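Q: Attaching a single structure in structure tokens format; questions to follow.
The values are calculated or read from the model by the stated rules, or taken from the named source; none is laboratory data. If you're wondering where the values come from, they're calculated on a predicted model, not measured in any experiment. Quick reminder, even Gly has a Cβ in these numbers, built from the backbone with ideal geometry, and neighbours come from all protein chains shown. With ligands, DNA and RNA removed, areas are computed over all heavy atoms of the protein, side chains included. Shrake-Rupley method; radii C 1.70, N 1.55, O 1.52, S 1.80 Å.
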Amino acid sequence: MHSDIASLGETIEPDVSYPKKLANATYYIIGNLGTPPEYTNKYGTLTCTQGAIFTREKLGGIENSSIKARLELLLPGEWFFKVVVVKEQDTFDSPTEDIEIQFPRYSDIEEALTEEMEEVWYETLLLTSKDSRCEEAFWIYSLLDGEGYEIVKGETEYGNSNSSCETGSNSSLNPSNPEIIVPKSLGEKSKFPIAYFHTHTPMTYCPPEKKRDTGFSSGDLSFGDRHELPLFLYDYSAIYIEGGHDLYDPATISHNTIERRKTPKTWNDLYSY
């Protein structure tokens, strides 16, 4: 095993070397978030007292000297791993190695959910009239369940309806608290917020003297910076828009400068965002 950076949901195959005297013994890969794992061996059974058991398999026979292990990276964080071999009452362990299991990059998120972002943008346009307009948004999650790992869209949220053009800005939308599921044991369902998407609204039905700048507002960027989250925005492509513009003027997806959600350093970090 070696120090590395890996992606959430990835499976790696570290080499495990062993002397002939340990042939056919049971080996474990154990890990802990933030600090090295700890364990006990009682009557030939290993218990991880600090952390979790990720892998439990048999070493090869006497004719071999190494095997490729299988390690599924199921939880984000700065993890410390070690291999422990148990042979009856004896234990043999490797040096501790660290792997930073990172959340997805913004580019992977956009690639996974471009279609969903476009659908919400066109719904924003369809809900725009001379009497009303509102922002729409959704949380973006990493989800690991029985179907495997994926990036998924949360429920669509709607801002307050706004018919005024006086400010030339968008209807207000306060992000909800995202859903967070931290599994009680490895392999159970997990769900973590990894980004936030929202739209800005047209000014098609506003007087021609009204206008607004496009792109992220200072409030948007402050929210992203505060939570260290990638943000995605669907808005018109022009630098600014004026009242009376075509509802279907060119529009685009943009993102802030944060590449990915910050990697958790402790168990408590998994419960926040």
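Q: Do we find that ILE12 is open to solvent by less than 60 Å² (accessible area, probe 1.4 Å), touching a residue at least 12 places away in the same chain (Cβ under 8 Å), farther than 30 Å from PHE232 by Cα and under 24 Å from the mean Cα position of the chain (by Cα) in this structure?
A: Answer is yes for this residue.
Q: Here's another thing I want to ask about it. Counting just the residues of segment 70-81 that are within 15 Å of ARG56 (Cβ to Cβ) and touching a residue at least 60 places away in the same chain (Cβ under 8 Å), which one comes out most open to solvent (accessible area, probe 1.4 Å)?
A: In this case the residue turns out to be GLU72.
Q: Just to verify a result, which residue in segment 15-56, among those that are closer than 20 Å to ILE101 by Cα and of a type in the set (Phe, Trp, Tyr), is least open to solvent (accessible area, probe 1.4 Å)?
A: Going through the qualifying residues, I end up with TYR28.
Q: Just give me the residues in segment 22-43 being over 30 Å from THR263 (Cβ atoms) and either assigned to a loop (DSSP other than H, G, I, E, B) or touching a residue at least 60 places away in the same chain (Cβ under 8 Å) (or both), in sequence order.
A: Passing the criteria: LEU22, ALA23, ASN24, ALA25, THR26, TYR43.
Q: If you go through segment 57-65 one residue at a time, do you hit one that is in contact (Cβ under 8 Å) with a residue 40 or more places away in the chain, part of a strand (DSSP E or B) and surrounded by fewer than 18 Cβ atoms within 10 Å (Cβ to Cβ)?
A: Checked segment 57-65: no residue is in contact (Cβ under 8 Å) with a residue 40 or more places away in the chain, part of a strand (DSSP E or B) and surrounded by fewer than 18 Cβ atoms within 10 Å (Cβ to Cβ).
Q: Looking at segment 100-115, is at least one residue surrounded by 16 or more Cβ atoms within 10 Å (Cβ to Cβ) and over 26 Å from the mean Cα position of the chain (by Cα)?
A: no
Q: Let me ask something else. Residues in segment 44-52: is at least one farther than 29 Å from PHE192 by Cα, without any contact (Cβ under 8 Å) to a residue 40 or more places away in the chain and out of contact with any strand residue (DSSP E or B) (no Cβ under 6 Å at 6 or more places or on another chain)?
A: No; the residues of segment 44-52 include none that is farther than 29 Å from PHE192 by Cα, without any contact (Cβ under 8 Å) to a residue 40 or more places away in the chain and out of contact with any strand residue (DSSP E or B) (no Cβ under 6 Å at 6 or more places or on another chain).
Q: For segment 121-143, does any single residue satisfy the condition of being small (Gly, Ala, Ser), assigned to a helix (DSSP H, G or I) and surrounded by 15 or more Cβ atoms within 10 Å (Cβ to Cβ)?
A: no
Q: Among GLU209, GLU188, which is the only one that is farther than 25 Å from ARG260 by Cα, surrounded by fewer than 14 Cβ atoms within 10 Å (Cβ to Cβ) and either acidic (Asp, Glu) or modelled with pLDDT of 95 or more (or both)?
A: Result of the check over GLU209, GLU188: GLU209.
Q: Here is a follow-up. Inside segment 212-255, can you point out the residues that are without any contact (Cβ under 8 Å) to a residue 60 or more places away in the chain, open to solvent by 20 Å² or more (accessible area, probe 1.4 Å) and under 15 Å from TYR106 (Cβ atoms)?
A: Selection gives PHE216, ASP220, LEU221, ASP225, HIS227, GLU228, THR252, SER254.
Q: Another question, then. Could you tell me whether any residue of segment 48-70 is among the acidic types (Asp, Glu) and touching a Pro at 6+ places or on another chain (Cβ under 8 Å)?
A: no
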